[in-house]
Amino acid sequence: MASLIDLLQSSIEKLMPPERLKISEWAERYRVLSPESSVEYGDWKNARVPYMVDVMNAINDPETEEITIQSSSQTSKTEAIIINPILYYMDKEPSPILLLCPTLNFAENFSRKRLTPAIRDCKSLQGKISTNSRDAANTLLYKEFHGGNITLAGSNSPATLSSHPIRIFLVEELDRTETTSEGDSVALGEKRTNNYYNRKKIKVSTPTLKGLSKIVKTYERGSREQFYVECPHCKAKQTLKFSQVIFKNSENKTDAKCARYRCEKCSQDWTEAHRYEAIKSGLWIAEKPENKRHRSFKINELYSLWRSLEQIVTDFLEKKDNPETLQVFVNTTLGEEFEIKGQAPDWQKLHARREKYNAQVPNRCVFLVGGVDVQEDRIQIEVVGWGRNFENWSIEYQTFFGDTASKEPWDKLEKYLEKTFKCEDGREIGILKVCIDANYNSQDVLKFCRKYYISSVIPIVGRDRQLEIIAPPRKIDVKGKKKYGSFRSYTVGSSTIKKEVYNALRQEKKIYKIDNKEIEAFPFGYCHFPENYNESYFMELTAEEAKKKKDKNGFFIYYWEKIRERNEALDCRVYSRAAAYIVGMDFFTEEDWERKEQEQPGGIKKRTFVHEQVERNNDKDLDSFEDFWES
Ligand SMILES: [Zn+2]
């Protein structure tokens with residue numbers, strides 16, 4: 001006889017909602033891989049993609065709003081992190097869903113070849129969605145289901161984004177999305193989710209060029225999780241890296257057939273079976289576990305259970321000698337950014353693409369910064385405007401002639417920094433931050449900076465071998481005009497920024513024809529130049545090239561060599577990029593961009609109230625950068 005407690009228990013169970021399945025559990029039960037899109041069609045098995053289980057389940061976590069995965073191409077990321085969540089939400093938590101693809105064409109193909117077959121073959125969606133292709137509630141780019149709907153859109157056509165609120169926003173191939181003259185689809189999509197407290201933003205992509213990859217920047221904003229596996233010999237936990245793949249035979253000759261993984265700790269080789277076993281029991285470890293709101297993951301093809309190391313190495317050997325195919329290997333197999341080295345971009349091509357701005361400061365430009373280069377006989381400044389996706393606009397390039405050991409050119413710069421610039425909507429905005437090169441004439445640069453609030457006019461020193469864009473202040477030896485000394489300064493990774501600038505200068509805009517209307521689309525980091533920029537600016541901007549040489553230990557190092565006499569425009573670019581970094585742009589979320597827009601930023605803040613003090617202090621030389629900050 002059932003006890004009272006048992007009776008109560010069973011009636012409570014009847015009243016409870018059905019068991020909550022996590023996305024991975026749901027997929028194991030209901031998902032079927034369709035023959036159209038998968039070599040391994042049939043029932044979904046989590047065991048085939050062990051590293052994806054936690055990524056999928058992170059989407060269910062109420063504390064998590066954003067999920068990012070930077071990945072190579074053969075890791076089932078689209079099946080696991082795009083299609084599984086879409087079908088899960090259609091089935092279990094019907095909501096309005098938006099899937100953003102790089103282009104409209106991509107979206108149509110995606111719907112036809114991947115999403116529609118996946119819906120058709122899903123065991124639990126039978127009868128829940130109309131399969132009549134003539135039904136207006138089920139088109140290629142829009143499908144209704146009980147309690148929700150899904151829209152597919154292309155980033156090249158923001159106009160096709162529906163205007164209703166959405167709860168689940170997914171971006172497929174984030175790095176290939178573009179900003180168009182009509183707006184930024186990714187930003188618009190994110191805004192549409194604002195009404196839902198339980199919104200999810202899911203971004204998936206293989207990366208592209210170094211410094212310009214959106215997925216890499218998004219990954220870095222999140223919890224930064226990597227998949228650690230255990231060495232079968234020494235048990236050391238490690239991530240799988242291509243640099244640990246050995247493909248030399250016993251005669252020390254390159255041979256893909258003997259490709260094997262070598263433990264980075266004990267240097268013992270693993271068999272392929274060891275690698276598979278290690279992956280099956282691997283786990284994600286976060287660099288920033290406190291960031292639960294945004295979980296970001298990174299994975300590469302070495303974790304794939306259906307790609308052998310031999311296949312991967314064969315692929316590498318085929319692609320390694322041509323920069324274009326090598327980029328494909330680095331992006332799609334290693335899931336890493338690719339860095340272009342060497343050649344300066346073609347200045348004539350850049351000169352030819354100058355454009356007429358609708359106002360001094362075009363619409364999509366959110367804030368202005370300046371980069372100042374100091375030479376013996378001149379000071380030069382470039383004002384650059386930055387917007388979402390690192391799209392940037394050269395606004396003005398100015399030279400103030402005069403001996404920089406005298407007051408004259410500095411007074412002109414001081415006056416210039418008060419200037420405001422007219423936006424398309426009529427607002428006037430000023431310069432938010434300025435970075436000044438303190439390599440030359442450091443004493444005068446420091447004196448000038450002291451007239452302003454800390455961190456609005458910032459003295460910096462360029463370092464070719466520094467990898468980070470900005471490093472914390474450190475002691476720099478300077479040869480001042482009056483005496484030798486040292487001070488502390490922020491250092492800038494000039495070489496890193498130059499590579500980023502050159503990669504960006506190589507980006508080209510695209511023109512799409514949608515509904516008989518031409519739409520311009522700009523890739524991440526695209527640089528705009530105004531009509532009044534002259535030829536010499538572009539020659540200066542592209543005046544250096546990265547060259548390779550062997551250091552004393554026989555390793556290749558890169559250094560920058562001038563190919564033309566004047567290179568100030570490139571230096572100004574580097575310093576203004578550093579200023580944008582100090583503004584915080586590299587880690588801006590969509591909310592940060594919105595806030596910056598509303599702030600109507602501008603105006604370098606001068607310390608006028610301590611004017612006398614500054615004048616007096618300026619009479620003596622500064623011995624240290626601490627003096628500088630403290631006074
Ligand atoms: Zn080991």
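The values are calculated or read from the model by the stated rules, or taken from the named source; none is laboratory data. Note that the coordinates shown come from a computational prediction; the quantities given were computed from them, not determined experimentally. Quick reminder, even Gly has a Cβ in these numbers, built from the backbone with ideal geometry, and neighbours come from all protein chains shown. Accessible surface is based on the protein model in full, side chains and every heavy atom, while ligands, DNA and RNA are left aside. Shrake-Rupley method; radii C 1.70, N 1.55, O 1.52, S 1.80 Å.
Any residue at all in segment 107-121 that is surrounded by fewer than 23 Cβ atoms within 10 Å (Cβ to Cβ), more than 26 Å from residue 176 (Cβ to Cβ) and touching a residue at least 60 places away in the same chain (Cβ under 8 Å)? Checked against the condition, which is being surrounded by fewer than 23 Cβ atoms within 10 Å (Cβ to Cβ), more than 26 Å from residue 176 (Cβ to Cβ) and touching a residue at least 60 places away in the same chain (Cβ under 8 Å), segment 107-121 yields at least one hit. Going through (1) at pLDDT below 90; (2) under 28 Å from the mean Cα position of the chain (by Cα); (3) loosely packed, with under 15 Cβ neighbours inside 10 Å; (4) assigned by TED's automatic domain parsing to the domain that holds residue 380 one by one, residue 596 falls short only on (3). Among the residues making up segment 43-74, those that are of a type outside the set (A, V, I, L, M) and closer than 21 Å to residue 335 by Cα are 48, 50, 51, 54, 66, 68, 70, 71, 72, 73, 74. Taking the criterion of being over 16 Å from residue 498 (Cβ atoms) and among the charged types (D, E, K, R), the residues of segment 577-591 that qualify are 586, 590, 591. Of the listed requirements (1) assigned to a strand (DSSP E or B); (2) more than 16 Å from the ligand (Cβ to nearest atom); (3) within 25 Å of residue 306 (Cβ to Cβ); (4) touching a Gly at 6+ places or on another chain (Cβ under 9 Å), residue 207 misses just one: (1).
Just one residue in the set 277, 251, 230, 287 is away from the ligand (no atom under 14 Å from the Cβ), open to solvent by 40 Å² or more (accessible area, probe 1.4 Å) and more than 20 Å from residue 335 (Cβ to Cβ); that residue is 251.
Given the options 243, 223, name the one that is in contact with a Pro (Cβ under 7 Å, 6 or more places away or on another chain) and either assigned to a helix (DSSP H, G or I) or within 24 Å of residue 76 (Cα to Cα) (or both). One residue alone meets the criteria, 223.
Sub-6 Å Cβ pairs linking a first residue in segment 227-241 that is more than 19 Å from residue 300 (Cβ to Cβ) to a second residue that is open to solvent by less than 70 Å² (accessible area, probe 1.4 Å) and more than 7 Å from the ligand (Cβ to nearest atom), at least 6 apart or interchain, are 232/274, ordered by first then second residue. Of all residues in segment 154-166, those that are open to solvent by less than 20 Å² (accessible area, probe 1.4 Å), closer than 18 Å to residue 196 by Cβ and modelled with pLDDT of 90 or more total 1. If you scan segment 252-282, which residues turn out to be closer than 17 Å to residue 240 by Cβ and touching a Phe, Trp or Tyr at 6+ places or on another chain (Cβ under 6 Å)? Hits for segment 252-282 are 259, 261, 270, 275, 279, 282. Just to check your reading of the model, which residue among 295, 262, 307, 364 is in contact with a helix residue (DSSP H, G or I) (Cβ under 8 Å, 6 or more places away or on another chain), within 16 Å of the ligand (Cβ to nearest atom) and charged (D, E, K, R)? Result of the check over 295, 262, 307, 364: 262. Residues in segment 265-274 that are within 12 Å of the ligand (Cβ to nearest atom) and in a helix (DSSP H, G or I): 274 alone.
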